[in-house]
Amino acid sequence: MNLLHNRLCKSARWFETVEHHLLPWALDGVALGPRLLEIGPGFGATTRVLARGTHDITVVEVNPGLADRLRGNVPGNVTVLEGDGAAMPLPATGFDSVVCFTMLHHVPSAAQQDRLFAEARRVLAPGGVFAGSDSLPTPRFRLLHIGDVMVPLDPATLPQRLERAGFTGIAVEVRSNRLRFRATAG
């Protein structure tokens, strides 16, 4: 992430936005269950909120520095793993839910995003839910990502991509400059 984006993602303002706006909307009506996996927690704003409502959280963070930082800043019910969400060192069917928030556009290609979707499906127990959100490109969003990886999701094609990964019950909704999705492991 560039310096401005990095600064924003670790700001108190972003943490407040995540807690009071992003997560309530993204997870409205989603039952996470006791075994939760979060892919790409970054600075941990979402992780800290999620940790309050579940017994066991595992997070997978690809950036070694952020993974180390998380280890020192998360509650005791959170296990932090350094790894790639598209090739996770986790057993199949071990989680009731998998979530990711505002990070998929940082995955360097649509093919890599599809591998992440397939991995999310692999680690979910039958009937488990995959849910999350991401930003859609706006002029401000593009400015914030100058010099960053930015591969936005297309809400029109996301359902087919999730279906190819093995999900059913897929829902994608757009509100303003964000999308949320949820799908079930068949």
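The values are calculated or read from the model by the stated rules, or taken from the named source; none is laboratory data. All of these numbers come straight from a predicted model, not from anything done at the bench. A quick note on method: Cβ atoms are made from the backbone with ideal geometry, for glycine too, and the neighbour counts reach across all protein chains shown.
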Query raised in the report: Right, Arg175: under 22 Å from Thr46 (Cβ atoms), basic (Lys, Arg) and in contact with a strand residue (DSSP E or B) (Cβ under 6 Å, 6 or more places away or on another chain) or not?
Result: no
Query raised in the report: Among the residues of segment 85-96, is any modelled with pLDDT under 95, more than 12 Å from Ile39 (Cβ to Cβ), in a loop (DSSP other than H, G, I, E, B) and among the polar types (S, T, N, Q)?
Result: no
Query raised in the report: Name the pairs: first residue in segment 27-55 and surrounded by fewer than 23 Cβ atoms within 10 Å (Cβ to Cβ), second residue part of a loop (DSSP other than H, G, I, E, B) and among the hydrophobic types (A, V, I, L, M, F, W, C), Cβ to Cβ under 6 Å, at least 6 apart or on different chains?
Result: Thr54/Leu32
Report task. Specify the residue that is farthest from Val107 (Cα to Cα); the eligible residues are those in segment 6-26 that are surrounded by fewer than 17 Cβ atoms within 10 Å (Cβ to Cβ) and in contact (Cβ under 8 Å) with a residue 40 or more places away in the chain. Result -> Trp25
Query raised in the report: Of the residues that sit in segment 39-59 and are at pLDDT below 95 and assigned to a loop (DSSP other than H, G, I, E, B), which one is nearest to Gln113 (Cα to Cα)?
Result: Gly42
Requested in this report: Please determine, by comparing only the residues of segment 89-109 that are within 23 Å of Gly186 (Cα to Cα) and surrounded by fewer than 22 Cβ atoms within 10 Å (Cβ to Cβ), which one is nearest to the chain's Cα centre (by Cα).
Outcome: Asp96
Requested in this report: Could you please tell me which pairs satisfy a Cβ distance under 8 Å, a separation of 6+ or placement on different chains, a first residue in segment 113-125 that is closer than 9 Å to Ala92 by Cβ, and a second residue that is part of a helix (DSSP H, G or I) and of a type outside the set (Val, Ile, Thr)?
Outcome: none
Query - From the options Gly166, Gly127, residue that is in contact with a helix residue (DSSP H, G or I) (Cβ under 6 Å, 6 or more places away or on another chain) and on the phi > 0 side of the Ramachandran plot - result: Gly166
Report summary line: Scanning segment 162-176 residue by residue, those of a type in the set (D, E, K, R) and in contact (Cβ under 8 Å) with a residue 40 or more places away in the chain turn out to be Arg164, Arg175
**Report entry** Subset of segment 7-19 that is farther than 13 Å from Arg48 by Cβ and not hydroxyl-bearing (Ser, Thr, Tyr) - its residue that is nearest to the chain's Cα centre (by Cα)
**Finding:** Cys9
